[in-house]
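Participant: Take this structure, written in structure tokens, and hold onto it; I'll ask about it next.
What follows draws every value from the coordinates through simple rules; no lab data is involved. Quick caveat: nothing in here was measured; it's all calculated off a predicted structure. Positions of Cβ are backbone-derived with ideal geometry, glycine not excepted, and every protein chain shown enters the neighbour counts.
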Amino acid sequence: MIKVKTCKEAEIWYSLLSQCFKGLERRTLDDLRDIVNSPHFDPQRLLLAEVDGRPAGLIWIKGTFTEDRYELWDLAVLREFWGKGVEDALISKAVGLLSEKGAKLIRAHTFSIEYYVSAYKRHGFKPVRRILRIVWDIQGMKTEPPLEVGVQVRNVGPDDLDLLPNVFVESLRPYWDWWIEDYGGKERLKEVSRAWFNPSSDLIWLVAERKGKVVGLTGFHVKGREAYFFGVMVLPEHRLKGVGWTLMKSALNRLRQLGLERLIVYTMAYLDHLAPGALLYLKSGGKIEAEYIQLERKLSH
């Protein structure tokens, strides 16, 4: 008998993810404990499926900055319970809860594993894009000078703080329009992102200037010997002119100087081909470490 209930134990969460995805899953037990212990964590949104009292699977409902949009993460079912309806029970329960909350759009995020993708499809979800996890072995790469394209790369300064939210949002378009909408639109994301560029945020940002104007930026968050990359962002009118390549090489050189070992980015790709950002990252020496599929389902009320 399958029973779906709420869960707030990071140890169970971590155990299921580790058993189901092994080396693909990068989050540690401490990472999940931080989520569970956060004041923003809602234990009603972490659902555990049990079969005859044994943990068999799990799914996590994540909110966005828009009240009628939600995401489903971490659908994981132990292989011994595949084909026994555990995944269907979890998805049905999650969709039912979100329907009651008035959700209009649900986005599912899963490893590119047929079992999980097919499960979501059975419940009316349609694949919309891929997400790639790309990594660089920083110390194993050669230092390369940026292209001579009339672009200067420097640290963010106090005078940049007012203009960076606009550069950030406009540089995401059109590839990340869906993500902008998750934050409630352009103006809302500009407001939210303002704090990210503050020197006290513990994030490292670099900007690209051409003729005294900021035309692009990149940034990362250092965690131990690794850095999580926010990607290279260039204003649309300045793309395909060497700005992105210059920012990419400057970021790698900076991280090498800091003595870091790995750089990690999560970036989008279309279902049948790569987006420009992914191409840039692969050309600069990054390697695809994992692939995810994003699926969406619209709810009508």
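Participant: Give the angle, between 0 and 90 degrees and rounded to the nearest 10, that separates the Cα long axis of helix 10-21 from the longest principal axis of the Cα atoms of the chain.
Facilitator: With rounding to tens, the tilt is 80 degrees.
Participant: Which Rg and Dmax, in Å, describe the Cα atoms of region 1-126?
Facilitator: Cα only, region 1-126: 13.7, 37 Å (Rg, Dmax).
Participant: Considering only C-alpha atoms, what is the centroid distance from region 238-265 to region 65-80, in Å?
Facilitator: After rounding, the separation between the Cα centres reads 32 Å.
Participant: Over the C-alpha atoms of the chain, what are the Rg and the largest Cα-to-Cα span, Dmax, in Å?
Facilitator: 20.6, 68
Participant: Quick one: net charge of GLY53's neighbours, Cβ under 13 Å, K/R +1, D/E -1? Working shown, then result.
Facilitator: On the way: positive: LYS3, LYS5, ARG54; negative: GLU50, ASP52.
The answer is +1.
Participant: Next question, about the same structure. Among DSSP bridges having both ends in region 134-291, what percentage is antiparallel? Round to the nearest 5. List each step's numbers first, then the result.
Facilitator: Values: 25 of 29 bridges.
Taking every DSSP beta bridge within region 134-291, about 85 percent pair in antiparallel fashion.
Participant: Taking H as built 1.01 Å from N, whose amide H comes closer than 5 Å to the amide H of LEU263, not counting residues under 5 places away?
Facilitator: For LEU263, the qualifying residues are TRP136, ILE138, ALA227.
Participant: Can I ask one more? Can you tell me the 0 to 90 degree angle between the C-alpha axis of helix 86-100 and the longest principal axis of the chain, rounded to 10?
Facilitator: Roughly 70 degrees between the two axes.
Participant: So, one more: So what are the ³J(HN,Hα) numbers for region 203-214, from phi and the Karplus equation (6.51, -1.76, 1.60; θ = phi - 60°), rounded to whole Hz, Gly and Pro as x?
Facilitator: Ordered by residue, 3J(HN,Hα) equals 9, 9, 10, 10, 10, 9, 10, 10, 6, x, 10, 6 Hz.
Participant: Starting from the Cα of ASN37, step 7 Å along the direction of its Cβ; do the same at MET1; then give the gap between the two resulting points in nm.
Facilitator: Placing both labels 7 Å beyond Cα along the Cβ direction yields 3.6 nm.
Participant: Where the centre of each part is set by its Cα atoms, how far does region 84-161 sit from region 1-62, in angstrom?
Facilitator: Their Cα centres are 19 Å away from one another.
Participant: Also: Just to be sure I understand the model, the point goes 7 Å from the Cα along the line to the Cβ. What's the resulting ASP177 to ASP137 distance in nm?
Facilitator: Between ASP177 and ASP137, the label points sit 4.0 nm apart.
Participant: Working from the alpha-carbon coordinates of region 134-291, get Rg over Rh, Rh being the Kirkwood radius. Provide the component values of the computation, followed by the final result.
Facilitator: On the way: Rg = 14.9 Å, Rh = 16.0 Å.
Rg/Rh for region 134-291 comes to 0.93.
Participant: What are the lysines whose alpha-carbon lies under 26 Å from the alpha-carbon of LYS211, with same-chain residues fewer than 8 places away excluded?
Facilitator: Filter leaves LYS190, LYS241, LYS249.
Participant: Taking the Cβ of GLY286 as the center, what net charge do the other residues with Cβ under 11 Å away carry, scoring Lys and Arg +1 and Asp and Glu -1?
Facilitator: Here the count lands on +2.
Participant: Given the options GLY53, GLY102, GLY219, state which has the largest fluctuation in a GNM of the chain using a 10 Å cut-off (strictly under) for Cα springs.
Facilitator: Highest fluctuation of the listed residues: GLY53.
Participant: How charged is the neighbourhood of VAL215? Take every other residue with its Cβ under 15 Å from the Cβ of VAL215, and add Lys/Arg as +1 and Asp/Glu as -1.
Facilitator: +3
Participant: Starting from the alpha-carbon convex hull of region 141-218, give the projected area averaged over all orientations, in nm².
Facilitator: With the hull built on Cα positions only, its mean projection is 6.6 nm².
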